[in-house]
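A.B. asks: Input: one structure, supplied below.
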Amino acid sequence: MLSVRPKVAELAFHLFSRSLHPELYTIHKSRRIERGNYEARVEITNCGHVITWTSGGMTLSEVASSAHQPLPKRRCLIAEPLKGSRTERAKCRDEIGYRTHFQLEPVDPEMFRMVQKQLEHGPTAGLLHNFDASGRMALGALSYVNVETRHRSMLVQAIHTFPDDYAIVKVESLFSLPSETDEV
């Protein structure tokens, strides 16, 4: 199990059609969400985040972590390096939808400090975790995850900062159930 934040060059993004064992990663903050048609657990980890979303008998697990993180191979729907900007989709059993857009954005040091300060003092909703400084930089990394729930969908927006690399990872994911008219 990794205990420090990885370098941005080592980041990966995964989607599984199963839950993952929580001992695979270090959890710093966690939130449980229950709606009538689905439930979810949102976790900030040392490498990024894990979102586990369940509806009926279907489970989706989104993982933003290190490519070196030991993760299962079974039932992996998406496995991509977290580089540049990318949009992915998955159609799952029972017409459950999943869409994500993630990007790794290198920024200049001044812009990085401004974003870091805004995250540190701005958001009042969602999960926020301040990591200790790595020793090389005076700033510690931040992870912020905001969740918006609707009757048939859940939107997750995550931002993870990497001070040693002056980089910001942004992830926006939508988990959705079919519309009620589709279920006829």
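A.B. asks: So which residues in the stretch 82-97 are surrounded by fewer than 14 Cβ atoms within 10 Å (Cβ to Cβ) and assigned to a loop (DSSP other than H, G, I, E, B), if there are any at all?
C.D. replies: Here is the first cut: in the stretch 82-97, the ones surrounded by fewer than 14 Cβ atoms within 10 Å (Cβ to Cβ) are 84-85, 87, 89, 91, 93-95.
Residue satisfying the conditions is Gly84 alone.
A.B. asks: Moving on. Can you tell me how many residues within the stretch 10-52 are outside any strand (DSSP E or B) and free of Cβ contacts under 8 Å to residues at least 40 places away in the same chain?
C.D. replies: Quick first cut of the stretch 10-52, residues outside any strand (DSSP E or B) only: 10, 17-26, 35-38, 46-48.
Subset that is free of Cβ contacts under 8 Å to residues at least 40 places away in the same chain: 21-23, 26.
Final tally of qualifying residues: 4.
A.B. asks: For the stretch 155-175, give me each residue that is within 17 Å of Arg41 (Cβ to Cβ) and of a type in the set (Val, Ile, Thr).
C.D. replies: Val156, Val171
A.B. asks: Here is a follow-up. Give the residues of the stretch 20-37 that are within 20 Å of Leu77 (Cα to Cα) and either surrounded by 21 or more Cβ atoms within 10 Å (Cβ to Cβ) or at pLDDT 90 or above (or both), sorted by residue number. Talk me through it step by step, then tell me what you get.
C.D. replies: So in the stretch 20-37, the residues within 20 Å of Leu77 (Cα to Cα) come out as 20-22, 24-25.
The answer is Leu20, Tyr25.
A.B. asks: List every residue pair whose Cβ atoms sit under 6 Å apart, with the two residues 6 or more apart in sequence or on different chains, where the first one lies in the stretch 99-128 and is on the phi < 0 side of the Ramachandran plot and in contact (Cβ under 8 Å) with a residue 12 or more places away in the chain and the second, anywhere, is assigned to a loop (DSSP other than H, G, I, E, B) and among the charged types (D, E, K, R).
C.D. replies: Listed by first residue and then by second, the contacts come to Leu104/Lys83.
A.B. asks: Checking the condition modelled with pLDDT of 90 or more, touching a Ser or Thr at 6+ places or on another chain (Cβ under 7 Å), under 20 Å from Leu104 (Cα atoms) and among the polar types (S, T, N, Q), which residue from Thr45, Thr59, Thr52 passes?
C.D. replies: Details: Thr59 fails: under 20 Å from Leu104 (Cα atoms); Thr52 fails: under 20 Å from Leu104 (Cα atoms).
Only one candidate passes the filter, namely Thr45.
A.B. asks: Looking at (1) in a helix (DSSP H, G or I); (2) at pLDDT 90 or above; (3) not hydrophobic (A, V, I, L, M, F, W, C), which is the one condition that is false for Asp164?
C.D. replies: It is condition (2) that Asp164 fails.
A.B. asks: So which residues in the stretch 98-131 are more than 21 Å from Arg31 (Cβ to Cβ), touching a helix residue (DSSP H, G or I) at 6+ places or on another chain (Cβ under 8 Å) and assigned to a strand (DSSP E or B)?
C.D. replies: Correct list: Leu104, Pro106.
A.B. asks: Of the residues Ser134, Ser143, only one is buried (at least 18 other Cβ atoms within 10 Å of the Cβ) and among the polar types (S, T, N, Q); which?
C.D. replies: Working: Ser134 fails: buried (at least 18 other Cβ atoms within 10 Å of the Cβ).
Only one candidate passes the filter, namely Ser143.
A.B. asks: Go over the candidates Ala67, Ala79 one by one and state the one that is small (Gly, Ala, Ser), exposed (fewer than 15 other Cβ atoms within 10 Å of the Cβ), touching a residue at least 40 places away in the same chain (Cβ under 8 Å) and touching a strand residue (DSSP E or B) at 6+ places or on another chain (Cβ under 9 Å). Lay out the reasoning, then the answer.
C.D. replies: Details: Ala67 fails: exposed (fewer than 15 other Cβ atoms within 10 Å of the Cβ).
The conditions single out Ala79.
A.B. asks: Moving on. Would you confirm whether or not the stretch 120-138 contains a residue that is farther than 21 Å from Trp53 by Cβ and hydroxyl-bearing (Ser, Thr, Tyr)?
C.D. replies: Yes: one or more hits.
A.B. asks: Okay, next question. What tally of residues in the stretch 160-184 results from selecting those that are among the β-branched types (Val, Ile, Thr) and closer than 29 Å to Gly56 by Cα? Outline the logic, then answer.
C.D. replies: Filtering the stretch 160-184 down to residues among the β-branched types (Val, Ile, Thr) leaves 161, 168-169, 171, 181, 184.
Within this subset, residues satisfying the condition of being closer than 29 Å to Gly56 by Cα are 171, 181, 184.
So the count comes out to 3.
A.B. asks: Turning to a different aspect of this structure: Which one of these does Met58 not meet: (1) hydrophobic (A, V, I, L, M, F, W, C); (2) surrounded by fewer than 21 Cβ atoms within 10 Å (Cβ to Cβ); (3) under 24 Å from Ser134 (Cβ atoms); (4) touching a helix residue (DSSP H, G or I) at 6+ places or on another chain (Cβ under 9 Å)?
C.D. replies: Against the list (1) hydrophobic (A, V, I, L, M, F, W, C); (2) surrounded by fewer than 21 Cβ atoms within 10 Å (Cβ to Cβ); (3) under 24 Å from Ser134 (Cβ atoms); (4) touching a helix residue (DSSP H, G or I) at 6+ places or on another chain (Cβ under 9 Å), Met58 comes up short only on (3).
The values are calculated or read from the model by the stated rules, or taken from the named source; none is laboratory data. Keep in mind it's a predicted model, so treat the numbers as computed, not measured. Here the Cβ is made from the backbone with ideal geometry for all residues, glycine too, and neighbour counts use every protein chain on show.
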